[in-house]
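All of the numbers you see were taken from the coordinates with simple rules; none came from a lab. Computed from a prediction, not measured in an experiment: that's the story for all the values here.
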Amino acid sequence: MAIVGPWAIQVYGDDVDWGVVPVPTQDGTPAEDTWTFSDAKNVGMFTACDNKGTAWDVLKFATSEEQDGIWLEETGQMPLRQDLTATYPDYFAANPAYEQFGDQASRTVEVPNVPNSVEMWQTFRDGYSKAVIFGDEDVDTFLSDTAKKIDELVAGN
């Protein structure tokens, strides 16, 4: 089992017999009521920009429904749009393996910005890798020890 995104579809190709299911939750929350981090690839415009009107036109073009559709077709990555599967029904009809990812894309939130966030996420990744991926540590120990370290990092200690 792996927690992956739509990028895994091309990686697995025909070499892996795979399927997709929602990530289980502690309380059995239905998939349609769960949210995930967006993994956004953002753009922005600086207030010091000399050509704000032109820059704004470029940003509107680059993030338009048409351009997002091209990006989806070319990469299989999910644009951050509400009701993605209804916006691009032909794509998802032709690529049903991506449909669950497209559905989940309408329920995203940004990763919280907290003190020591880089260190916090790296602490989690290190512990997860050691316990879950490599089996070098008990999962319960990983969870309790990592939670304590992350609480300290978030508190700024």
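Step through the residues of the stretch 86-94 one at a time and calculate ³J(HN,Hα) from phi using the Karplus curve (6.51 cos²θ - 1.76 cosθ + 1.60, θ = phi - 60°), rounding each to whole Hz and writing x for Gly and Pro.
Once rounded to whole Hz, the list reads 7, 6, 10, x, 5, 4, 6, 5, 7.
Quick one: which residues, 5 or more positions from THR108 or on another chain, have an amide H under 5 Å from its amide H? H modelled 1.01 Å from N in the peptide plane, none for Pro or chain starts.
Under 5 Å from the amide H of THR108: THR36.
Rounding to the nearest 10 and keeping the result within 0 to 90°, find how far the Cα-based axis of helix 139-154 lies from the longest principal axis of the chain.
Approximately 70 degrees, to the nearest 10.
Compute the helix-to-body angle for 52-62: its Cα long axis versus the longest principal axis of the chain, expressed 0 to 90° and rounded to tens.
Compared with the principal axis, the helix lies near 70 degrees.
Shape of the chain from its Cα gyration tensor (a ≥ b ≥ c, root eigenvalues): rounded if a/c is under 1.5, otherwise prolate when a/b > b/c, or oblate?
oblate
Number of Lys-Lys pairs in the chain under 29 Å by Cα, sequence gap 8 or more or different chains?
Here the count comes out as 7.
Which distance in Å, rounded to a whole number, links the C-alpha centroids of the stretch 1-27 and the stretch 121-137?
Between the Cα centre of the stretch 1-27 and that of the stretch 121-137, the gap is 19 Å.
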